[in-house]
Amino acid sequence: MADEAEEAAQGLPPGPCLDAEAWRTSEREQLSSLRAFRRAYGPVFTVYGAGRPPRVYIAEPSAIEDIFVRHQADLEGLGPSLFKPLVTDRSVAFLNAERHRQARHLLGHALDTDNPDCRARTITGIVSRATNRLRTGEDIPLEVFASDVTRDVILALCLGSLPARRHTELRNALDRAMNVVHEQQTAVLSPCPGEAAPTAAAVTQAIRVLDDLLLHETRRRRGQSGAPMECIADRLTARSATNGELCDHGVVVHLKTLLVSGHETTSAALAWTLLHLARSHEVLHALRQELTAQPPGHAPVALLRLPYLEAVCLEALRLSSPVPNGGARTVVRAFQAQGYVFRPGTEVVPAIHLTHQSERVFPHPHLFDPHRFTGRRYRSSAFLPFGIGPRYCLGAAIALQELSLAVAVVVRQDDLQVVDVGEGAGSVSMGPTVRVPDTVVLRRCPPRLSDRQEGKR
């Protein structure tokens with residue numbers, strides 16, 4: 001293993017060599033570590049770790065285009081190791097070659113045949129009910145609000161309308177399964193030796209409960225031939241029943257993949273967008289003007305045609321990409337690019353956060369400025385919140401729609417305020433996504449207070 005890693009490292013970009021503790025620190029503090037490495041080594045650098053293959057981070061658009069598009073045939077996806085126990089290696093995230101293409105085609109069909117108007121009503125209804133539960137003077141951690149909303153949205157899109165008891169069971173099972181894999185990662189990266197982690201039995205049990213519930217839903221739909229196709233699960237079971245493409249357990253794997261990938265990143269994106277709006281009164285005021293100019297009784301889907309709303313969401317995805325790096329790939333055939341030699345075993349990663357901080361592409365990159373996206377589109381190698389190449393996020397369009405609609409529902413209620421009760425003392429937390437500080441809350445203010453705050457803007 002050491003000899004293979006040493007051979008793969010020959011001809012690669014420069015970069016730091018980290019021992020085990022330094023590697024754990026860099027994983028816990030990804031954003032600051034990545035920025036420090038870029039300052040020291042430039043936009044393309046290699047991180048070396050004992051017993052690990054060299055990993056090359058690419059934060060230059062031309063290099064991203066060269067490596068992840070022109071040389072995509074020389075790479076294979078690694079998938080997010082954090083969620084592998086949950087979604088298994090049969091998930092599209094871990095498949096490659098023809099099996100990956102077939103799974104993407106199947107899932108793409110299930111996602112793309114959804115009715116946009118129906119989807120928009122579903123999303124706005126869920127967000128509206130969540131905000132309506134917040135009474136005057138009450139608040140909820142912004143991260144919790146965003147997580148609850150996006151979890152309920154992806155459950156509805158995947159499984160449709162469910163009886164209240166079954167919805168609660170699935171919601172709790174999904175939360176528990178995701179929590180245990182997070183707790184495992186926290187223990188691995190903890191600076192404190194002996195950090196408690198869930199036992200293997202606890203992880204297995206949490207995943208089994210979710211699997212059993214999803215399997216029940218899959219089999220229930222198998223027995224309803226001729227029923228309307230109301231959700232992704234309906235379309236997956238109907239297609240696989242007619243074409244023999246998926247067994248029941250295969251449907252469950254795809255559903256788990258969508259539930260996991262369609263929840264966590266969208267949750268982080270929603271929380272960051274609302275926080276950036278709270279910190280930029282001019283942008284918030286301009287967005288409210290666009291939203292209030294809509295005619296009464298318009299369909300929710302019409303919100304998706306508002307240019308400034310879309311620009312706000314795109315700029316939030318640029319400034320605070322939910323995932324700082326795209327999906328890692330491993331080199332399976334040697335190639336040369338950007339003056340370097342990439343040998344089999346080398347890992348390559350599109351550095352999304354660093355690419356979005358490029359002064360050359362995005363002047364004054366630390367400013368929240370939606371006008372960057374009004375009437376302009378960027379190359380896919382310069383703006384890549386959903387990845388690039390054949391591993392591009394299948395649900396990108398739905399995620400952006402969900403983000404736009406959820407932001408619109410919250411912003412139109414001017415008595416809802418995002419407030420940092422810790423006055424800036426909270427810290428950004430890292431999981432697989434970058435989360436807003438836990439001191440930031442969504443609060444429903446008394447009308448007079450809300451009016452005074454709006455007047456100051």
Out of the range 60-99, which residues are more than 21 Å from the chain's Cα centre (by Cα) and either under 19 Å from G262 (Cα atoms) or of a type in the set (K, R) (or both)?
R70, R99
If you check T346 against the conditions, is it buried (at least 20 other Cβ atoms within 10 Å of the Cβ) and not hydrophobic (A, V, I, L, M, F, W, C)?
yes
Residues of the range 46-69 satisfying the condition of being over 15 Å from G11 (Cα atoms), among the β-branched types (V, I, T) and open to solvent by 10 Å² or more (accessible area, probe 1.4 Å):
V69
Find the residue count for the range 316-342, including only residues that are among the polar types (S, T, N, Q) and within 26 Å of V260 (Cα to Cα).
4
Considering residues of the range 33-45 that are over 20 Å from the mean Cα position of the chain (by Cα) and closer than 19 Å to P432 by Cα only, the residue surrounded by the most Cβ atoms within 10 Å (Cβ to Cβ):
S33
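One line per residue, one yes/no per condition, for (1) assigned to a helix (DSSP H, G or I); (2) open to solvent by less than 10 Å² (accessible area, probe 1.4 Å); (3) of a type outside the set (S, T, Y); (4) within 26 Å of A103 (Cβ to Cβ):
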| site | (1), (2), (3), (4) |
| --- | --- |
| L287 | yes, yes, yes, no |
| P363 | no, no, yes, no |
| L384 | no, yes, yes, yes |
| G387 | no, no, yes, yes |
| P390 | yes, no, yes, yes |
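Please determine, by comparing only the residues of the range 365-375 that are within 13 Å of V312 (Cα to Cα) and not in a helix (DSSP H, G or I), which one is modelled with the lowest pLDDT. Steps first, answer last, please.
So in the range 365-375, the residues within 13 Å of V312 (Cα to Cα) come out as 367-375.
Narrowing further to those that are not in a helix (DSSP H, G or I): 367-369, 374-375.
Working: L367: 97, F368: 98, D369: 98, T374: 94, G375: 88.
Among those that are within 13 Å of V312 (Cα to Cα) and not in a helix (DSSP H, G or I), it is G375.
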Please name all residue pairs, on different chains or six or more residues apart, with Cβ atoms under 9 Å, provided the first residue is in the range 436-447 and is in contact (Cβ under 8 Å) with a residue 60 or more places away in the chain and within 19 Å of T266 (Cβ to Cβ) and the second residue is part of a strand (DSSP E or B) and open to solvent by less than 30 Å² (accessible area, probe 1.4 Å).
L442/L416; L442/Q417
Taking helices (runs of 4 or more DSSP H) that fall entirely within the range 35-125, which contain at least 1 residues that are closer than 30 Å to V203 by Cα, β-branched (V, I, T) and in contact (Cβ under 8 Å) with a residue 24 or more places away in the chain?
84-87
Return the residues of the range 169-218 that are β-branched (V, I, T), open to solvent by less than 20 Å² (accessible area, probe 1.4 Å) and farther than 16 Å from F83 by Cβ; say none if nothing qualifies.
T218
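Residue by residue through the range 313-346, note down the ones that are part of a loop (DSSP other than H, G, I, E, B) and polar (S, T, N, Q). Don't jump to the end; show me each part of the working.
Step one: filter the range 313-346 for residues part of a loop (DSSP other than H, G, I, E, B), giving 320-328, 332-334, 338-339, 343-346.
Across the range 313-346, the qualifying residues are S320, S321, N325, Q338, T346.
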Which of the numbered conditions does A173 fail, given that it passes all the others? Conditions: (1) part of a loop (DSSP other than H, G, I, E, B); (2) modelled with pLDDT of 95 or more.
(1)
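The values are calculated or read from the model by the stated rules, or taken from the named source; none is laboratory data. Since this is a predicted model, take the numbers as computed values, not measurements. Because the Cβ atoms are built from the backbone with ideal geometry, glycine has one as well, and the counts that use them run over all protein chains shown. To get the accessible areas, we keep the full protein, side chains included, count just its heavy atoms, and leave off ligands, DNA and RNA. Shrake-Rupley method; radii C 1.70, N 1.55, O 1.52, S 1.80 Å.
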